[in-house]
Amino acid sequence: VHPLAWSIVMPAVGSAFLASLVEATEAFTLVLAAASLGGGRPAAIGTTAALGLLAGAVAIFGPLLEQVPLAALQLAIGVLLLLFGMGWLRKAILRAAGILALHDEAAIFAAQTGRRALGGWMAGLTAFKAVLLEGLEVAFIVIAVGAGRGLWLPAGLGAGAACLLVLGLGLALRRPLARVPENTLKFGVGTMLSAFGVFWTGEGLGIAWPGEDAALAVFGALFLLAGLATASLLRRSQREVLP
Amino acid sequence: VTILRDVAAELVGMFLGDARLALATLLLVAVAGVLARWQGAPLLAGGVLLLGCLAIVVGAAVHRARREARR
């Protein structure tokens, strides 16, 4: 990585960290529920196995993608980032506007723990599945934002740091992390990934962006403004329909 | 087998969760590609790509909001 490429490094690591914070919070709720229904040890084993599988996937696919021709890689990853990032941003806008319900960790935990007790094996499998499914998105983000510039390792470390933070907080509190502002984080990550998507797709198509890497910040600002304005507009129009 | 099926469903949902948004994005990238590669107008293609993506995300949110309001 060029030492001055911070305009790329910071959004890449930041996206991975924030996305991981969101997904780890959601996964932690399900793991905690599995642990309380079937025991902490099997849930911990299931969690560790899923994290190991995800880290292995990143460690294999990250360097492997470096072998793909740069323009083709940028175009493919750029389009996937657009599809994924704009999907997250759209959902965050709808939640911010009050049209979709916010993710409620306490309610999810209550619903999960309201079921009958799990055997140890089932608790481990439930934790494994929860971490694997929630972690897929983080693994994709780490691979995608790191592709082409060899940034998958710093992005992976950012994601790992967020996991450790959630795990540390969760184990200290021993309850779901209901106060994590998930939608605000999702809004930020959706914005950054959409900006990355436009940037990579454009580079893959042979577009030389004015300002080079600095264009990424401009794209991010535009997506953020458009997202906030749309959420505000939808919130206001909803209030007019439902006084 | 169930886990593999869930993983596959999660992967499809990650990128194609909103079919209209996905289709519009793919069409937009195709148009930007034509402008950049065959019309020799890369900056115009960049502008179309950026503004098109902003329009798609706003349009997708508004479309869903209208659908929810009709329910």
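Mean residue ellipticity at 222 nm from the helices of chain A, using -39,500 (n - 2.57) per DSSP H segment of n ≥ 4 over the full residue count, to the nearest 500 deg cm²/dmol?
It comes out at -28000 deg cm²/dmol, rounded to the nearest 500.
So how much slack lies between B:E68 and B:A19, counting 0.36 nm per residue of separation and subtracting their Cα-Cα distance, in nm?
Net length gain for the segment: 16.0 nm.
Name the residue from A:G39, A:G190, B:A65 whose Cα lies farthest towards the positive end of the charge dipole of the protein assembly as shown, charges +1 on Cβ of Lys and Arg and -1 on Cβ of Asp and Glu.
Working it through, the farthest residue towards the positive pole turns out to be B:A65.
Residues in the stretch A:10-48, backbone N under 12 Å from the label point at A:L165 (7 Å along the Cα-to-beta-carbon vector): list them, ranges by number please.
Counting backbone N atoms under 12 Å from the label point, the list is A:14-25.
For the protein assembly as shown, take the convex hull of the Cα atoms, compute a quarter of its surface area, and give me that in nm², please.
Result: a mean projected hull area of 17.3 nm².
Please sort through the DSSP H helices of chain A and keep those with an alpha-carbon extent of at least 18 Å along the long axis and a Kyte-Doolittle average not below -0.5.
Counting only whole DSSP H runs, the qualifying helices are A:6-38, A:40-65, A:70-96, A:120-146, A:152-173, A:182-204, A:215-241.
Arranged by the count of other C-beta atoms within 10 angstrom, fewest first, what order do A:T126, A:T25 take?
Sorted ascending by nearby Cβ count, the order is A:T126, A:T25.
More than 14 angstrom separation, counting every C-alpha pair in chain B; what % is that?
The proportion of pairs with Cα distances above 14 Å equals 69 percent.
What are the equivalent ellipsoid semi-axes of the stretch A:100-225, built from the alpha-carbon gyration tensor (square roots of five times its eigenvalues), in whole angstrom, biggest first?
So the three semi-axes of the stretch A:100-225 are 35, 17, 13 Å.
Percent of Cα-Cα pairs more than 18 Å apart in the stretch A:170-241, please.
So the portion of pairs separated by more than 18 Å is 57 percent.
Might you report the magnitude of the Cβ-based charge dipole of the protein assembly as shown about its Cα centre, with Lys and Arg at +1 and Asp and Glu at -1, to the nearest 20 debye?
I would put it at about 1040 debye.
In a Gaussian network model over chain A where Cα atoms closer than 10 Å are linked, find which of A:A110, A:A162, A:A24 has the largest mean-square fluctuation.
Between A:A110, A:A162, A:A24, it is A:A110 that shows the largest mean-square fluctuation.
When the Kirkwood hydrodynamic radius is evaluated over all pairs of different C-alpha atoms of the stretch A:3-81, what value in angstrom, to one decimal, is obtained?
15.4 Å
Throughout, read-outs are computed from the coordinates displayed, never taken from laboratory work. This structure is a prediction, so every number in the text was calculated from the model and none was measured. Note that each Cβ is placed from the backbone with ideal geometry, even for glycine, and that neighbours are counted across all protein chains shown.
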